[in-house]
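A.B. asks: First the structure, which I've put down as structure tokens, then a few questions once you've had a look.
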Amino acid sequence: QEWCDAVHQTGKKIWFRFHPQNWGNLTAAGAITDLQAYILANPTFFQNGDIFEFYDESHPYLFFNPPDNWNNSTQTWSDWIATMVAALNTTFASLGLSGVITTIQSITSSYWTQGDVKSSAITALNNQLCIDYYPLDFANDPNKGVSVMLNTLYALHATYPTANIII
């Protein structure tokens, strides 16, 4: 709380990257319950303008026991993203916070570039694609790092031509 207060007192916002409590046995339904419980247990951590992200580099196989059809279709996972964002918004609204940003959710870039994120997630995420990128992975070959990033951006723009990209 002290850290959150200190940051907010400077007028800055916080990007919360949540890691669920029950990581070893995380289920899709349990993840939403964990998120809601964390928010409700710590309501004063958050202010409008903060970002609350479910999990950095999310992907369909993140869960301990994903629904069977997740193995064959990312539509269910994309629908879950939409359900999760709606649940976060409802939980924050119950605390009187309607401006905590829940639509910036970093998803593993290969799911974006392969077109595996379906319209239900794209709509829920407010037409924003968020990826992590690690240029230090290419510290010994910066030219390759630039090339890889440009190829990723080209693929994203080709697959989701109207989306905003957050790196």
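A.B. asks: With a 1.4 Å probe and all protein chains left in place, how much of the accessible area of the chain comes from carbon and sulfur atoms, in whole percent?
C.D. replies: 53 percent
A.B. asks: To continue, here is another question. Using only Cα atoms and rounding to the nearest 10 degrees, what angle (0 to 90) does helix 142-159 make with the longest principal axis of the chain?
C.D. replies: 80 degrees
A.B. asks: Would you please give the residues with an amide H less than 5 Å from that of I166, counting only those at least 5 places away or on a separate chain, with H modeled from the backbone geometry?
C.D. replies: Placed amide hydrogens put L129, C130, I131 under 5 Å from I166.
A.B. asks: With both partners inside the chain, how many of the DSSP beta bridges are antiparallel, as a percent to the nearest 5?
C.D. replies: On the way: 0 of 9 bridges.
For the chain, the DSSP antiparallel bridge percentage is about 0.
A.B. asks: Tell me, what HN-Hα J-couplings in whole Hz come from the Karplus equation 6.51 cos²θ - 1.76 cosθ + 1.60 at θ = phi - 60° for each residue of the stretch 40-56, using x for Gly and Pro?
C.D. replies: Once rounded to whole Hz, the list reads 5, 7, 10, x, 7, 5, 9, 9, 4, x, 5, 10, 10, 10, 4, 6, 5.
A.B. asks: Something else now. Quick check on the chain: helices-only [θ] at 222 nm, where DSSP H runs of length 4 and up contribute -39,500 (n - 2.57) each and the sum goes over total residues. Nearest 500, please. Each step should come with its number before you reach the end.
C.D. replies: Values: 6 runs with 71 residues, N = 167.
Taken over the chain, the calculation gives -13000 deg cm²/dmol.
A.B. asks: Using the Cα gyration tensor of the chain, with a ≥ b ≥ c the square roots of its eigenvalues, what is the shape: rounded (a/c below 1.5), prolate (a/b larger than b/c) or oblate (neither)? Walk me through the numbers on the way to the answer.
C.D. replies: On the way: a/c = 1.76, a/b = 1.27, b/c = 1.39.
Cα axes put the chain in the oblate bin.
A.B. asks: Given H placed 1.01 Å from N in the peptide plane, which residues other than close sequence neighbours of I51 have an amide H under 5 Å from its amide H?
C.D. replies: Counting only residues 5 or more places away or on other chains, the set is I14, W15, F16, I101.
A.B. asks: Whole number in Å², please: accessible area per residue of the chain, 1.4 Å probe, ligands, DNA and RNA not counted. The partial results should precede the final answer.
C.D. replies: Numbers: 8720 Å² over 167 residues.
Per residue, the chain has 52 Å² of solvent-accessible surface.
The values are calculated or read from the model by the stated rules, or taken from the named source; none is laboratory data. Fair warning: this is a prediction, and the values are worked out from it, not measured in the lab. When the accessible area is computed, the model is the full protein with side chains, heavy atoms only, and any ligands, DNA or RNA have been set aside. Shrake-Rupley method; radii C 1.70, N 1.55, O 1.52, S 1.80 Å.
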